[in-house]
Amino acid sequence: MNSPAQSTDDSGVTLALAQIAIESGDVDGNVERATTAVARAAAAGADLVALPELFNVGYFAFEEYARHAEPIDGRTFGRLRDAAVDHDVAVLAGSIVEDLAATDTVPTPAESGLANTAALFGADGTLELVYRKHHLFGYESAESELLVPGERVDTAEVCGFTVGVTTCYDLRFPELYRELVDSGAQLLLIPSAWPYPRVDHWETLSRARAIENQCYVATINGSGSFDDAELLGRSTVYDPWGVRLASSGDDPALVTATVDPAEVADVRSSFPALEDRRH
């Protein structure tokens with residue numbers, strides 16, 4: 001991994017986006033790369049590390065979903081939870097294919113089936129947030145046929161921020177982000193598996209979500225090629241004005257930026273656009 005762009009400061013929270021190489025169906029290798037990235041980010045001073053969508057199996061490995069599905073307290077999230085504790089860093093463990101029937105530790109949207117599920121762990125290993133992808137991609141994708149959509153839109157208090165999580169295709173549905181902002185979200189983490197050629201959409205939608213909601217937006221993409229798709233990388237942190245603080249290319253990278261909840265409050269106070277909404 002390299003770090004092509006970063007923002008540093010003496011105050012605030014150091015956020016690291018781990019744009020790891022993802023190999024289709026290579027769960028052991030992918031999880032190993034993820035835990036190594038967490039360790040490297042923590043050693044570099046990160047307070048919060050975020051991983052991509054379906055980082056363990058690979059988003060486009062549809063035929064592998066059922067075979068590698070796990071409960072919330074399964075092996076993949078267990079290893080990332082342990083990494084959080086071992087390195088004293090909060091971890092958004094990207095997302096995995098969850099076996100809903102096998103999960104008995106948190107509420108599920110259905111008694112059985114599969115879901116695209118993200119988990120956020122505190123530095124002490126506490127499960128702070130579970131998010132199941134709401135909007136399932138149907139265009140030339142098997143996701144909408146294979147998965148159950150999520151129902152809950154929660155926030156969590158992590159590293160001094162009120163954090164919300166969404167996933168990839170959710171970026172195209174701005175009403176979801178308004179719901180999170182109404183719940184107090186100041187930092188939105190968006191694990192993704194966004195492919196070429198839609199680079200402009202990736203950048204424009206992410207920046208728009210930051211501008212219109214006056215909050216930090218961090219998009220965490222993977223790196224890698226699949227049979228019929230290539231991830232475009234470009235993991236990025238935007239500030240509440242929509243300014244790009246740090247970003248990567250399409251190769252594996254560790255992108256870091258300093259984020260501060262006080263900046264969200266300052267922007268919303270100096271330019272109170274959210275207060276002018278009419279329903």
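Taken together, the values in this text are just the output of simple stated rules run on the coordinates, not laboratory data. These figures come from a predicted structure and were not determined experimentally. When we count neighbours, we look across all protein chains shown, and the Cβ atoms used for this are built from the backbone with ideal geometry, even at glycine.
The antiparallel fraction among DSSP beta bridges confined to the chain stands at about 60%. Sequence-ordered 3J(HN,Hα) estimates for region 47-53 from the Karplus curve with 6.51, -1.76 and 1.60 and θ = phi - 60° stand at 9, 9, 10, 10, 10, x, 5 Hz, glycine and proline given as x. Coupling constants for region 183-189 follow from the phi torsions by the Karplus curve (6.51 cos²θ - 1.76 cosθ + 1.60, θ = phi - 60°), and in residue order they are 8, x, 4, 10, 9, 10, 9 Hz; glycine and proline get x. Per residue of the chain, the DSSP helices (runs of n ≥ 4 H) give a summed -39500 (n - 2.57) that works out to -7500 deg cm²/dmol at 222 nm.
Placing unit charges on the Cβ atoms of the charged side chains and taking the dipole of the chain about its Cα centre, the candidate lying farthest along the positive direction among ALA273, VAL255, LEU205 is ALA273.
Ranking ALA229, ILE190, ALA21 by Cα position along the charge dipole of the chain, where only Lys, Arg, Asp and Glu carry charges on their C-beta atoms, puts ILE190 farthest toward the positive end. Sorted into 5 angstrom bins from 0, the C-alpha pair distances of the chain split as 1, 6, 14, 19, 21, 18, 12, 6, 2, 0, 0 percent.
In order along region 99-113, phi translates into HN-Hα couplings of 8, 4, 5, 8, 7, 10, 9, 9, x, 10, x, 7, 6, 8, x Hz, rounded to whole numbers, per the Karplus curve 6.51 cos²θ - 1.76 cosθ + 1.60 with θ = phi - 60° and x for Gly and Pro.
Taking Cβ atoms as reference points and 13 Å as the exclusive limit, the residues near VAL97 contribute a net charge of -3, counting Lys and Arg as +1 and Asp and Glu as -1. Neighbours of ARG33, meaning other residues whose beta-carbon lies under 14 angstrom from its beta-carbon, give a summed charge of -3 when Lys and Arg score +1 and Asp and Glu score -1.
Each of ALA218, ALA102, SER141 was placed along the dipole of region 13-270 (beta-carbon charges, centred on the mean Cα), and the one lying farthest toward the positive end is ALA218. The charge dipole of the chain, taken about its Cα centre with unit charges on the Cβ atoms of Lys, Arg (+1), Asp and Glu (-1) only, comes to about 480 debye. Roughly how far apart, in whole Å, are the Cα centres of region 6-72 and region 170-199? After rounding, the separation between the Cα centres reads 18 Å. Summing charges over all other residues whose Cβ lies under 15 Å from the Cβ of GLY184, with Lys and Arg as +1 and Asp and Glu as -1, gives -4. Site-free segments of the chain were taken between trypsin sites (Lys or Arg not before Pro) in DSSP loops having at most 12 other Cβ atoms within 10 Å, sites themselves excluded; the longest one is 1-197.
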